[in-house]
Amino acid sequence: MRLQLPNGTTREVNGDPRTVAALLTGCDINPLEVIVTKNGRLIPEDATVSGNDEIRVFLVAHGG
Amino acid sequence: MNPVSAGAGERETIPYCDNCDDPAVYFDPRLQRHLCEVHLSQDVERRVIDRLARHGMIHDGDRIAIGLSGGKDSSVLLSILSRVIRERWDAELIAITVDEGIAGYREETIQSAVSLTKRLGISHHIVSFQSLFGTTLDFLLTAHPLRACTACGILRKKALSDAARDISADSIATGHNLSDAAQSVLMNYLRGDFERLLRDSSRREDRGFIRRIKPLLDVHEKEITLYSMVNGITGMLPECPYATTAFRAEVRTLQAGIEYHYPGASLRIIEGQESLSKQAKKTVRPGTVGYCASCGDPCSGHVCQACGLLQNLNK
Ligand SMILES: [Zn+2]
Ligand SMILES: [Zn+2]
């Protein structure tokens, strides 16, 4: 899977199926502080990601 | 976000909405439920309407000033209020944007505020620190050793209430959300600031303050962000460059961590503060109320916080 983080960096992670929450907490990211898309679509934190999914993580912007 | 319908394989990996057959975009850990774009939006709007009604925040004939920074919270608030008020109340909404003078950040958010008010047909006033106080926040902070968010908060509050008074507003609506409110309670605890902790800002109109309403107080920051994304209200906006240095940033991480491990904790933090404040009111005598010797605003000291701050800078 290709994982794009809020700071703009992209990393390749293995395609074993896991929940978004597990993927995020594995990267020290609190799921409440981000929004995640899989292949361009918004998904909840208990959705499963795997294989060649393109995952993007957006920071919940603070303020205003 | 474009609503793309789920393919057959996706059904197994993306949970359904609890209320319809669409894929969920959000899992609410406190109520253990899944919501799609449409039902998340409806749920957020329902919570706003409930709060407005429960606290009698809006009356027919009201002129409501809304503090519109152009960020996601105030933009979502304006978007929801403009619709809800049209449907239920005979009240007027006027947006006020305060330009603190923060280079590289404000330009974009003000542009976003301008295009949103145009789109919604809401009248919009922009006031600046430069014209009100004769200086920008950027300049203030380079010239004086101030805590950015504290100084900015005091001056922004003054700018907003002065602008609201100029348009004879009956109330000022701001985009504070559930996460913000829980963080503020925690910050007051951690600073040992019990005066601020026990203060009840919603009931101060009798002292000459313009009533402040916070209709998003039952909505988490993440829910507001999702609402903004699925309804196309704001794009990706920059964050305030001063925000990361603040004490609040640390408390935010703390609050998000607690909420994640104990869903509903933020709500309980706020409810605890509310009952504490209610209890305290029975035993604590209200402080003496006077008026600022410099600007005439109601305040508890000789001068208000904003005038005090500005006078100190000129010494
Ligand atoms: Zn639904
Ligand atoms: Zn004053």
* Using θ = phi - 60° and the Karplus curve 6.51 cos²θ - 1.76 cosθ + 1.60, what whole-Hz ³J(HN,Hα) does each residue of the range B:17-26 get, with Gly and Pro shown as x? -> 5, 5, 9, 7, 8, 8, x, 6, 10, 8
* **Residue-span extension gain [B:E271 to B:R63] - 0.36 nm each, minus C-alpha spacing** => 72.0 nm
* Asked: Using the scaling law 2.2 N^0.38 Å as the reference, what is the normalised Cα Rg of chain B?
  -> 1.05
* What Kirkwood hydrodynamic radius, in Å, does the protein assembly as shown give when the mean of 1/r is taken over all pairs of distinct Cα atoms and then inverted? -> 22.2 Å
* To do: Take every residue in peptide B:12-20, count the Cβ atoms of other chains within 10 Å of its Cβ, and give the average of those counts.
  => 3
* Asked: Over the protein assembly as shown, what is the percentage of antiparallel beta bridges among all DSSP beta bridges, to the nearest 5?
  -> 50 percent
* Structure fact -> Within 10 Å of the Cβ of an average residue in A:51-58, the count of other chain Cβ atoms is 1
* Carbon + sulfur, % of accessible area of the range B:5-95 - ligands and nucleic acids excluded, 1.4 Å -> 44 percent
* Mind checking Rg over Rh on the range B:206-271, alpha carbons, Kirkwood formula for Rh? -> 1.03
* Asked: Where in the range B:247-284 does accessible area fall by at least 10 Å² between the isolated chain and the complete protein assembly, at a 1.4 Å probe radius?
  -> B:R252, B:T253, B:A256, B:E259, B:Y260
* To do: Compute the length gained on full extension between B:A143 and B:A293: take 0.36 nm times their separation in residues and subtract their Cα-Cα distance, giving the result in nm to one decimal.
  => 51.4 nm
* Computed FRET efficiency, Cβ-Cβ of A:R18 and B:E250, R0 25 Å: what is it to the nearest 0.05? -> 0.25
* **Accessible area buried at the A-B interface, both sides summed, 1.4 Å probe (Å², nearest 100)** => 2700 Å²
* **Linear extension gain, B:K118 paired with B:D193, 0.36 nm per residue minus alpha-carbon span** => 22.9 nm
* How crowded by other chains is A:24-35, given as the mean number of beta carbons from other chains within 10 Å of each beta carbon? -> 4
* Quick one: compute the contact order of chain B, relative version, from alpha carbon pairs under 8 angstrom and 6+ residues apart, as a percent. => 18 percent
* To do: Convert 20 °C to kelvin, take the viscosity as 1.002 mPa s, use the Kirkwood radius over C-alpha pairs of the range A:2-59 as Rh, and evaluate the Stokes-Einstein diffusion coefficient in µm²/s, rounded to a whole number.
  => 194 µm²/s
* **Inter-centroid distance (Cα atoms) of the range B:69-148 relative to chain A, Å** => 31 Å
* Asked: What's the carbon and sulfur percent of the range A:2-59's accessible surface, probe 1.4 angstrom, rounded to a whole number?
  -> 44 percent
* Asked: Taking only protein heavy atoms and a 1.4 Å probe, what accessible area per residue, in Å², does chain B have with all protein chains in place?
  -> 50 Å²
* Among the listed pairs B:K214/B:K282; B:K72/B:K118; B:K72/B:K214, those beyond 22 Å (Cα-Cα) -> B:K214/B:K282
* For the protein assembly as shown, what is the charge dipole size about the Cα centre, in debye to the nearest 20, if Lys and Arg each add +1 at the Cβ and Asp and Glu each add -1 at the Cβ? -> 1260 debye
* Return the Rg/Rh value of the range B:25-142, two decimal places, where both radii are evaluated on C-alpha atoms and Rh is the Kirkwood radius. => 1.06
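The values are calculated or read from the model by the stated rules, or taken from the named source; none is laboratory data. Please read these numbers as outputs of a predicted model, since none were measured by experiment. Here the Cβ is made from the backbone with ideal geometry for all residues, glycine too, and neighbour counts use every protein chain on show. Areas reflect the complete protein model, heavy atoms only, side chains present, ligands, DNA and RNA absent. Shrake-Rupley method; radii C 1.70, N 1.55, O 1.52, S 1.80 Å.
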